[in-house]
Amino acid sequence: MTGRNLPPLSLHVPEPRFRPGDAVDFADFDMPVAGAVARPEIGTAPAEMRDHSYAMVRVLDDQGNAQGPWDPRLAPETLLKMLRHMALVRAYDERLYRAQRQGKTSFYMKCTGEEATSIAATHALDYDDMCFPSYRQQGILIAREWPLVDMMNQVFSNKGDRLKGRQMPIMYSARQANFFSISGNLATQYPQAVGWAMASAARGDTRISAVWCGEGSTAEGDFHSALTFAAVYRAPVILNVINNQWAISSFSGFAGAEATTFAARAVGYGIAGLRVDGNDALAVYAATQWAADRARGNHGPTLIEHFTYRAEGHSTSDDPTKYRSAEESTNWPLGDPIARLKQHVIALGIWDEERHAAMDREVAELCKAAQRESEALGTLHDGLKQPFDSMFEDVFEEMPWHLKEQSQQMRDERKAAGI
Amino acid sequence: MSDETRTMNMIQAINSAIDICMGRDDEIVVLGEDVGFFGGVFKATEGLQAKYGKTRVFDTPITECGIIGVAVGMATYGLRPVPEIQFADYIYPALDQLVSEAARLRYRSAGEYTAPITVRTPFGGGIFGGQTHSQSPEGIFTHVAGLKTVIPSNPYDAKGLLIAAIEDNDPVIFFEPKRIYNGPFDGHYDRPVQPWAKFAESAVPEGYYRVELGKARIVRPGDDVTILAYGTMVHVAQSVVADAGIDAEIIDLRTLVPLDLETIVASVKKTGRCVVVHEATKTSGFGAELSALVQEHCFHHLEAPVQRVTGWDTPYPHSLEWAYFPGPVRLGEALKRVMQD
Ligand SMILES: Cc1ncc(C[n+]2csc(CCOP(=O)(O)OP(=O)(O)O)c2C)c(N)n1
Ligand SMILES: [Mg+2]
C-alpha cells in the first residue's frame with residue numbers, strides 16, 4: 001500500500017555457492033557424526049520422529065568403522081557382495097560411457113558416486129519387492145544380478161534387445177527382476193509405486209514397493225500426489241529421493257533445498273522421513289531395512305533422502321564444467337561410496353588392497369566380455385536391428401486395422417523405392 | 001535498431017528474438033528448467049541472464065505445471081512471460097494450466113484477464129531421442145480453443161515469428177523443430193549435415209522485425225501439386241521436389257492456428273492436388289484438419305484424393321527412427337500417388 005514505509009519487495013532467486021573456476025571449500029559443511037542419530041522403533045508415529053528428517057544417519061566414521069544403533073551388522077559375505085556390485089556398476093558405466101563416445105549408441109547416463117543408493121538399498125529389500133527406478137538406478141539390476149549382456153543389448157538397441165529397440169539407452173525394463181519399465185518423464189513412477197503398494201496391501205500380500213527419483217524431480221506434481229496417497233492409505237512403500245545436489249545445471253536450491261531438506265517433505269504429509277548419508281552403504285542399507293520392516297509391519301511409508309553427489313555429468317549430452325566448479329566433486333565431504341565401504345571391510349580384516357585390485361580387474365573383464373557378446377548382436381548404427389514391422393507391435397494388444405494398413409504401407413513404399 | 005544482417009542458426013535467431021524483445025519491453029521474463037546461468041540445454045537463452053539479471057531470466061523447479069501456472073500468474077500481474085518447456089515431450093504435466101487456464105482466461109473473464117505468454121518448446125525427432133525426446137504434439141494444442149500454435153522452419157522466420165508471438169496478447173505455443181536448430185534437414189540422414197550458414201534464410205537482421213502470425217510462406221511456387229508442410233518437413237519437401245523434378249508448390253504454414261487458409265485454398269485451386277506432410281502421428285493429427293479444409297474449400301478443383309504423409313500411429317521408436325520418420329521415400333511415394341490419379 002502506498003504510504004507504508006517499507007522497502008520494496010524483492011524476488012529471491014537461488015544461486016549455488018560455487019560456479020566454474022571457483023575454489024570450493026566445504027569447511028563450513030556441518031559433518032554429522034557417525035552413529036549419533038537414534039534408531040526409532042519401526043512403529044514410531046511420524047510425528048514422533050520429525051527430527052530424523054533434518055538429521056543425517058551415518059554409520060561409517062572417518063576410519064571406516066561402523067558406529068551406533070544404525071549399524072546393520074551385516075555378514076562379511078553381504079558386505080563383500082555389496083562392494084562387488086558397486087564396483088561392477090561403476091565398471092559397467094565406464095564401459096558403456098566409452099561405447100557411447102565411440103558412436104555405438106546414442107546416449108548414456110552414469111551413476112558414478114551414487115552407487116550405494118541403489119546397490120545397498122536393493123540388498124536390504126527382498127527380491128520380490130517391486131522397484132520403480134528412475135534412469136539412474138542401473139544399480140538395482142546389478143544388485144539383482146541381472147545379466148549384463150541383456151542390459152547392454154538394451155543400450156545398443158540391438159537384435160537382442162528385449163525392448164525391441166524402442167527405448168532410449170538405459171531405459172531398462174525387467175519384469176522378472178521386479179524392476180519397472182523406466183520412463184523418460186520425471187517422477188511418473190512415484191504415484192505408480194504407491195499404487196502398487198496399495199494393491200499389495202489391499203490383497204493382503206507381503207511384498208512392498210520401493211521407488212527412486214532425483215531431488216530435482218521432487219518438484220513435479222507426481223511426487224506430491226504420491227506422498228498424499230502414501231500417507232492417506234499408509235501404503236507399504238519406500239520413497240527414495242536421491243539428492244545428488246544437481247538436476248542437469250540446476251542445483252538443489254531450485255528444488256527447495258535452501259529452505260529445508262528433502263526428507264522433510266515427509267513431515268507435512270505425515271510420513272516417516274529419514275535422511276541418510278547416501279555415500280555410506282551401511283547407512284543406506286540400514287535405513288532401507290528399517291523402512292522395509294516398517295512397511296511390512298503395516299506401519300506405512302517412509303521417505304528416505306539419500307544425501308550424495310553426482311560426481312560426473314548429467315549424461316553424455318552434458319558438460320558440467322559449464323555450470324559448476326570442477327573442484328566440487330573432488331572436495332565432496334562425504335567421499336566416495338566404494339572407497340568408504342572398501343575402507344570398512346579392510347578395517348574389519350576381511351579384505352585387502354590386493355583383493356580389491358583383483359576384483360576391479362575381474363569386474364572390468366566381465367564387462368568387456370559382456371560387451372563383446374552384446375556387440376555380436378549389433379550396436380545402434382550398424383544395421384543389425386529389429387525387423388522394421390516390429391515398430392507396429394505392442395501399441396495395442398491386438399493390432400487394429402489402421403496399424404496393419406500402415407505396416408503394409410511401409411513395406412510397399414520401401415519396396416517401391418528399392419530399399 | 002540496425003537492419004544489418006548476421007548469419008545465424010536457428011538457436012541464435014531465437015536467442016536474438018528474445019533479446020530484442022527483452023530490450024524493448026522490461027515486462028518480458030524468461031523462465032524454465034536450466035534456462036538461467038546455463039542458458040538452456042539447447043542454449044537458446046544463453047547470455048540472457050547475464051544481460052537482464054536473475055529476476056528476468058531464471059531457472060525453475062522441475063515442474064512444468066508450475067512453470068506454466070506461474071507464467072499465467074505473472075501475466076495476470078502484468079508481465080509477459082516466455083516460459084521454456086525443455087522438450088515438448090515434457091509439456092503434458094502443464095496441460096491443465098495451458099488448456100483449462102491460459103487458453104480460456106480471456107473468454108471466461110470476458111477479457112478482464114488474459115494470458116499473454118509464449119511457451120517455447122523444442123519438438124520433433126531425428127536426433128535418436130526415443131519416445132521422450134522426439135514427439136510432435138502440435139495437434140493436441142491446435143485442438144484447444146484459445147491457443148495459437150506457431151512452428152518456424154528457418155532462422156529468419158524463427159526470429160520474426162517469435163517476436164510476433166511474444167508481442168501477441170494471447171497464449172502462443174511456439175514449437176521449435178530441434179532437428180533443424182543447426183542446419184536444415186532434408187530427411188537424407190545418411191548425408192552430411194549442412195550448416196545454416198550455407199542457406200539464405202540464415203541471413204537474419206540484427207534488429208527488430210516481425211513475421212506476422214497467421215501468414216504462410218510460399219517456399220516454392222508451382223503448378224502441379226500443393227505440398228502443405230511446416231518445420232523440418234519443409235526441407236524434406238524441398239529436397240524431394242527437387243529430386244523428383246515435379247513442379248510442386250510448397251507452402252510453409254508457419255502458423256497452424258490461426259491458419260492462412262487463403263494461401264492454401266488459392267494454391268490448391270491452382271494445382272488441383274494436395275499432399276499434407278507432418279512428423280506427428282496421423283490419426284487426429286493436424287493433417288486431418290488440413291485435409292478437411294481443403295476438401296471443404298476446394299472440392300470441385302481436386303483431381304486426386306488429398307494425401308497425408310505423417311509419422312506412423314505408434315510411439316516414436318529409438319532404433320527404427322528412420323523407418324518412422326516420414327522422409328523422402330514416403331513423400332516421394334505419396335507424390336507419385338497423387339500425380340497418378
Ligand atoms: C517431465 C520432465 N521434465 C523435464 C525433463 C528433462 N530432464 C531430464 S533429467 C532432468 C533433471 C533431473 O534431475 P534430478 O531429479 O535431480 O535427477 P538426477 O539427474 O540428478 O539423477 C531434467 C530436467 C524430463 N525428463 N521430464
Ligand atoms: Mg539430482
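May I ask you to give the percent of accessible area on segment B:7-205 that is carbon plus sulfur, with a probe radius of 1.4 Å?
Within segment B:7-205, the accessible surface is 53 percent carbon and sulfur.
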(request) At 7 Å along the Cα-to-beta-carbon direction for both B:His188 and A:His381, put a label point, then send me their distance in nm to one decimal. (result) 1.8
(message) Would any residue of segment B:308-341 have its amide N under 13 Å from a label point 7 Å out along Cα→Cβ of A:Ala417? List them or say none.
(response) B:309-312, B:321-336
(request) Would you be so kind as to list the residues of segment B:48-77 that have their accessible area lowered by at least 50 Å² in the full protein complex compared with their chain by itself (1.4 Å probe)? (result) B:Lys54, B:Asp59, B:Ile62
(request) Apply 1/(1 + (r/R0)^6) to the Cβ-Cβ distance of A:Ser225 and B:His300, taking R0 = 51 Å, and write down the FRET efficiency to the nearest 0.05. (result) 0.40
(request) Step through the residues of segment A:330-341 one at a time and calculate ³J(HN,Hα) from phi using the Karplus curve (6.51 cos²θ - 1.76 cosθ + 1.60, θ = phi - 60°), rounding each to whole Hz and writing x for Gly and Pro. (result) 6, 8, 3, x, 8, x, 10, x, 6, 4, 6, 5
(request) Report, in whole Å, the centroid distance computed from the Cα atoms of segment B:1-68 and segment A:111-172. (result) 37
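Out of all DSSP beta bridges with both ends in the protein assembly as shown, state the antiparallel percent to the nearest 5. Please report the intermediate quantities before stating the final value.
Working: 12 of 65 bridges.
Once the DSSP bridges in the protein assembly as shown are tallied, antiparallel ones form about 20 percent.
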(message) If you take every DSSP beta bridge fully contained in segment B:217-340, what fraction is antiparallel? Give it as a percent rounded to 5.
(response) 20
(message) Rounding to the nearest 10 and keeping the result within 0 to 90°, find how far the Cα-based axis of helix A:281-296 lies from the longest principal axis of chain A.
(response) 90
(message) I need the calculated FRET efficiency for the pair A:Gln63 and A:Glu393, taking r as the beta carbon distance and R₀ as 56 Å, to the nearest 0.05.
(response) 0.50
(request) Evaluate the distance, in nm, between pseudo-label points positioned 7 Å from the Cα of B:Thr5 and of A:Glu354 along their respective Cα→Cβ axes. (result) 7.4
(request) Relative to the longest principal axis of the C-alpha atoms of chain B, give the angle of the C-alpha long axis of helix B:261-271, reported between 0 and 90° and rounded to the nearest 10°. (result) 20
(request) Quote the convex hull volume per residue of chain A, based on C-alpha atoms, as a whole number of Å³. (result) 204
(request) Working from Cα positions, state the angle (0 to 90°, nearest 10) between the long axis of helix B:10-24 and the longest principal axis of chain B. (result) 40
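Can you tell me the relative contact order of segment A:46-384? Whole percent, Cα pairs under 8 Å, sequence separation 6 or more.
Numbers: 693 pairs, mean separation 91.2, N = 339.
Once divided by the residue count of segment A:46-384, the mean separation gives 27 percent.
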(request) Just report the Cα centroid separation between segment A:1-78 and segment B:253-269, whole Å. (result) 59
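What full-extension length gain, to one decimal in nm, is calculated for B:Thr76 and B:Lys43 as 0.36 nm per residue of separation minus the Cα-Cα distance? Before the final figure, lay out the partial values.
Numbers: separation 33, 0.36 × 33 = 11.88 nm, distance 2.82 nm.
Here the answer is 9.1 nm.
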(request) Could you state the accessible area per residue of the protein assembly as shown in Å², with a 1.4 Å probe and every protein chain left in place? (result) 39
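Taking each residue of A:242-255 in turn, how many C-beta atoms of other protein chains fall within 10 Å of its C-beta, and what is the average?
Values: counts 0, 0, 0, 0, 0, 5, 7, 10, 10, 2, 0, 2, 8, 3.
That average works out to 3.
Which of the chymotrypsin sites (Phe, Trp or Tyr not before Pro) across segment A:324-403 are loop residues per DSSP, with 15 or fewer other Cβ within 10 Å? Walk me through the intermediate numbers first.
Values: sites: A:Trp351, A:Phe388, A:Phe392, A:Phe396, A:Trp401; in loops: A:Trp351, A:Phe396.
Here the sparse-neighbourhood loop sites are A:Phe396.
Could you please report the charge total around B:Phe325, scoring K, R as +1 and D, E as -1 over all other residues with beta-carbon less than 10 angstrom from its beta-carbon? Walk me through the intermediate numbers first.
On the way: positive: B:Arg179, B:Arg330; negative: B:Glu279, B:Glu321.
Net charge in that neighbourhood comes out at 0.
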(request) With a 1.4 Å probe and every protein chain left in place, tell me how much accessible area A:Glu393 has, in Å² to the nearest 10. (result) 80
(message) Largest first and in whole Å, what are the equivalent-ellipsoid semi-axes of segment B:217-340 based on the Cα gyration tensor, each being the root of 5 times an eigenvalue?
(response) 22, 16, 13
(request) Pop the C-beta distance of B:Lys215 and A:Asn298 into the FRET formula with R0 = 45 Å and round what comes out to the nearest 0.05. (result) 0.10
(message) Tell me the accessible surface of A:Tyr127 in square angstrom (1.4 angstrom probe, heavy atoms of protein chains only), to the nearest ten.
(response) 110
(request) Could you work out the local net charge near B:Ala17, counting Lys and Arg as +1, Asp and Glu as -1, over the other residues with Cβ closer than 15 Å to its Cβ? (result) -2
(message) Can you work out the Karplus-derived ³J(HN,Hα) for every residue in segment B:190-201? Use 6.51 cos²θ - 1.76 cosθ + 1.60 with θ = phi - 60°, whole Hz, and x for glycine or proline.
(response) 8, 9, x, 6, 9, x, 4, 3, 7, 10, 4, 5
(message) Below 8 Å, C-alpha to C-alpha, sequence gap of six or more: please give me the relative contact order for segment B:217-340 in percent.
(response) 27
(request) Could you pull the accessible area for A:Phe180 with a 1.4 Å probe, rounded to 10 Å²? (result) 70
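What does the buried accessible surface come to for A and B, summed over both chains, with the probe at 1.4 Å? Round to 100 Å².
Working: alone 19510 and 14010 Å², together 29790 Å².
Buried: approximately 3700 Å² between B and A.
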(message) Can you give me the % of accessible surface on segment A:285-336 that is carbon or sulfur? Probe 1.4 Å, all protein chains present, nothing else counted.
(response) 44
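Rounded to the nearest 500, what is the protein assembly as shown's calculated 222 nm mean residue ellipticity when only DSSP H runs of at least 4 contribute -39500 (n - 2.57) each, over all residues? Before the final figure, lay out the partial values.
Values: 23 runs with 261 residues, N = 760.
Taken over the protein assembly as shown, the calculation gives -10500 deg cm²/dmol.
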(request) Pick out, from B:Leu213, B:Tyr189, B:Ala200, the residue whose Cα sits farthest towards the positive end of the charge dipole of segment B:152-225, with +1 on the Cβ of Lys and Arg and -1 on the Cβ of Asp and Glu. (result) B:Tyr189
(message) Taking the Cα of A:Glu327, stepping 7 Å toward and past its beta carbon, and measuring to each backbone N in segment A:29-60: which are under 15 Å?
(response) A:29
(message) Taking 20 °C and 1.002 mPa s as the conditions, I'd like the Stokes-Einstein D for chain B in µm²/s, using the Kirkwood hydrodynamic radius from alpha carbon pairs.
(response) 106
(message) Using the basic label-point model (7 angstrom from Cα toward the beta carbon), what is the A:Ala45 to A:Glu373 distance in nanometres?
(response) 5.4
(request) Ratio to report: Rg/Rh of the protein assembly as shown, with Cα atoms as the point set and Rh obtained by the Kirkwood method; give two decimals. (result) 0.99
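The values are calculated or read from the model by the stated rules, or taken from the named source; none is laboratory data. Predicted model, so just to flag it, every value in this text is computed and none were measured. Counting neighbours? That spans all protein chains shown, and the Cβs are built from the backbone with ideal geometry, glycine included. Accessible surface is based on the protein model in full, side chains and every heavy atom, while ligands, DNA and RNA are left aside. Shrake-Rupley method; radii C 1.70, N 1.55, O 1.52, S 1.80 Å.
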